[in-house]
Amino acid sequence: MPNHDEFDLNLDVLPGEVEKLRLQVREFARDVVAPRVTDLDGAPADDFDWDMVSQGHALGLTRVAVPKEYGGLGLGMLGCSVALEEVASVCAGTALIFGAAMLGQTPVLLSGDPRLQARFLPLFSGDAPVLACNAVTEEEAGCDLIIPANAVHAREVMTARRDDDHYILNGTKRFITNAQVAAFASVFAAMEGAPGATGLTSFMVPLDLPGVVRGPVADKMGYRLCLGSELEFHDVRIPAENMIGNEGDGMAINMAQSNMARASVAGISVGVARGALEQALQWCGTRVQGGLPLREHQFTAAKLAEMSAKVDAARLLYLKAAHKVDNELPAPQYEPAAAKLFADRVAIDVADMAMSLTGARGYVKSFGMEKRLRDAYGARIYEGTPEVLALAVTESLYAAGEPI
Ligand SMILES: Cc1cc2nc3c(=O)[nH]c(=O)nc-3n(C[C@H](O)[C@H](O)[C@H](O)COP(=O)(O)OP(=O)(O)OC[C@H]3O[C@@H](n4cnc5c(N)ncnc54)[C@H](O)[C@@H]3O)c2cc1C
């Protein structure tokens, strides 16, 4: 629940290592990602740029939240969120490659289990990039797998069955970012016999096991630089020690993971909005109509000012959320949900206004603006739709019994 008295983050000064990463990632986004975006965005849905990922990996983008003792950067959700804003200001899909990798690592990070952490976390810190993914969504069960009260209604959920010292997994996940290219997945499956997803259980699954099939890549409207695909499990046998927590802990782990990760998705949305704002500022500063640069027309100035204020406000919310997530156990529910709810809306509003300000240029693909609008719609779906986030926010508000 929000406790504004305890808030002590100096929002103007990031910790030194986070600021250093932010500047490095800004360069990576400008020099490595930007020149490739238009081509990759227009390429077939299953095109994937490993070279770009390798260069991001060299900066640590595949392991920002992994503790230093396991070879990561140890910069928590603050580091992740700030880094992902920088990448997303150029391309949200590229940001989500690294964001989804972090999500795939999160259950192990949250487990606090030193054996699981020592087995899996160092694997992300070698010379070559190793990606993870987070497999929750299914054909019949979408939001029902991220609203605890609705877990009982979830239909046809992937199953787990104990078999001696192994579990057998069966079922299919959908829309899983990185599933096509990841080495590991954090997988949520329901224990056989429990109603709906009430027996949801979390497993770390190497994706080279027999019975794992990587299904077709979805031809998405946006976020085209990351691959979202099906992931099938046909009698996949995994050792019991790959289970995270206990049988039936999956929904709680999923919620804790969302609370941890939503600030970073808000960072992606802020990046999308900031990229649109920067492009609109550039255009409105030089485009002359009616004898004046567009920025000097009052209606245009009003739009630019509103866009900028929204980007700043959304950034403050995600910084606050990330700071709290890194400093509180368990991670709070309210701040990350509120930050993502607001930032997702801001990305859509700002990209829409930027489209309007750039006229026909904005409507032409090569200008890059319409991609920002397509991407803005994506973040409002994963890691909590507005409706799911609204439930999380109001639950926190009523739990406190007082208005904020
Ligand atoms: C770019 C992208 C990346 C993704 N990456 C991943 C990933 O890596 N891993 C993964 O597991 N999934 C991923 N997803 C899938 C995403 O998490 C789901 O799409 C999301 O949880 C919603 O599920 P659904 O699409 O089945 O919608 P549904 O659950 O069918 O919901 C449809 C609509 O109904 C609303 N709704 C549903 N239930 C309620 C309710 N109880 N009250 C009010 N409204 C409700 C929703 O808010 C939504 O507006 C990704 C999706 C996208 C677009």
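Read the figures in this text as sums done on the coordinates, not as results from a lab. For clarity, every value in this text was computed on a predicted model and none was experimentally measured. When we count neighbours, we look across all protein chains shown, and the Cβ atoms used for this are built from the backbone with ideal geometry, even at glycine.
Placing unit charges on the Cβ atoms of the charged side chains and taking the dipole of the chain about its Cα centre, the candidate lying farthest along the positive direction among MET251, GLY362, CYS80 is GLY362. In the chain, the longest principal axis of the Cα atoms and the axis of helix 250-286 are about 20 degrees apart. Projecting the Cα positions of PHE120, GLY142, TRP50 onto the charge dipole of segment 1-149 (unit charges on Cβ atoms of Lys, Arg, Asp and Glu, taken about the Cα centre) puts PHE120 furthest along the positive direction.
The GluC sites (Glu not before Pro) of segment 127-174 that DSSP puts in a loop, and whose beta carbon has at most 15 other beta carbons within 10 Å, are GLU139, GLU140, GLU156. Potential lengthening of the chain between GLU27 and HIS297 amounts to 93.9 nm, from the contour at 0.36 nm per residue minus the alpha-carbon distance. Going 7 Å from the Cα of ARG237 along its beta-carbon direction, which residues of segment 182-206 have the amide nitrogen within less than 18 Å of the resulting point? 204-206, by backbone N distance to the label point. Amide H contacts of ALA154: ALA197, each under 5 Å away and 5 or more positions distant or on a separate chain (H built 1.01 Å from N in the peptide plane; Pro and chain starts excluded).
When the charge dipole of the chain is built from unit charges on Cβ atoms (+1 for Lys and Arg, -1 for Asp and Glu) and taken about the Cα centre, the candidate among PRO330, ALA183, GLY228 whose Cα reaches farthest toward its positive end is GLY228. The C-alpha atoms of the chain define a longest principal axis, and helix 50-59 lies at about 90 degrees to it.
Dividing the Cα radius of gyration of segment 253-400 by its Kirkwood radius returns 1.07 for Rg/Rh. Note on the chain: helix-only mean residue ellipticity at 222 nm, from DSSP H runs of 4+ residues weighted -39500 (n - 2.57) and normalised by residue number, equals -16000 deg cm²/dmol.
Net charge dipole, the chain: roughly 1140 debye, given to the nearest 20, about the Cα centre with Cβ charges of +1 for Lys and Arg and -1 for Asp and Glu. When all alpha carbon pairs of segment 133-250 are counted in 10 Å bins from zero, the resulting P(r) reads 15, 48, 31, 6, 0 %.
Only lysine pairs 8 or more places apart or on separate chains count here, and in segment 261-404 those with Cα atoms under 16 Å apart total 4.
Note that segment 209-225 has calculated 3J(HN,Hα) couplings of 6, x, x, 8, 10, 8, x, x, 7, 6, 8, 7, 5, x, 6, 7, 7 Hz, one per residue in order, obtained from phi through the Karplus relation 6.51 cos²θ - 1.76 cosθ + 1.60 (θ = phi - 60°); glycine and proline are x.
For the peptides 160-173, 340-353, 76-89, residues were scored by their other Cβ atoms within 10 Å and the scores averaged per peptide; the highest-first order is 76-89, 340-353, 160-173. Treating each Cα of segment 212-255 as an identical point scatterer and summing with the Debye formula, the log10 of I(q)/I(0) at q = 0.18, 0.25, 0.28, 0.31 Å⁻¹ comes to -0.81, -0.91, -0.94, -1.00. Each residue of segment 61-70 was assigned a 3J(HN,Hα) from its phi angle through the Karplus curve 6.51 cos²θ - 1.76 cosθ + 1.60 (θ = phi - 60°); the sequence is 5, 7, 8, 4, 8, 5, x, 4, 4, 9 Hz, with glycine and proline shown as x. Ellipsoid semi-axes for the chain, based on the Cα gyration tensor and the rule √(5λ), read 35, 23, 20 Å when sorted largest first.
Annotation: amide H of GLY71 has no partner in the under-5 Å range at sequence separation 5 or more or interchain, hydrogens built in the peptide plane.
For segment 24-36, backbone phi angles converted through the Karplus equation (6.51, -1.76, 1.60; θ = phi - 60°) give residue-by-residue couplings of 5, 5, 4, 5, 4, 5, 6, 8, 9, 7, 3, x, 9 Hz, Gly and Pro being listed as x. Per the Debye formula on identical point scatterers at the alpha carbon atoms of segment 36-168, with no solvent, log10 I(q)/I(0) at q = 0.09, 0.18 Å⁻¹ is -0.35, -1.10.
Between the helical axis of 334-357 and the longest alpha-carbon principal axis of the chain there is an angle of about 40 degrees.
5 Å is the cut-off here: which amide hydrogens, built 1.01 Å from N in the peptide plane, fall below it relative to GLY215, excluding neighbours closer than 5 in sequence? Under 5 Å from the amide H of GLY215 lie the amide H atoms of GLU230, LEU231, GLU232, each far enough along the sequence or on another chain.
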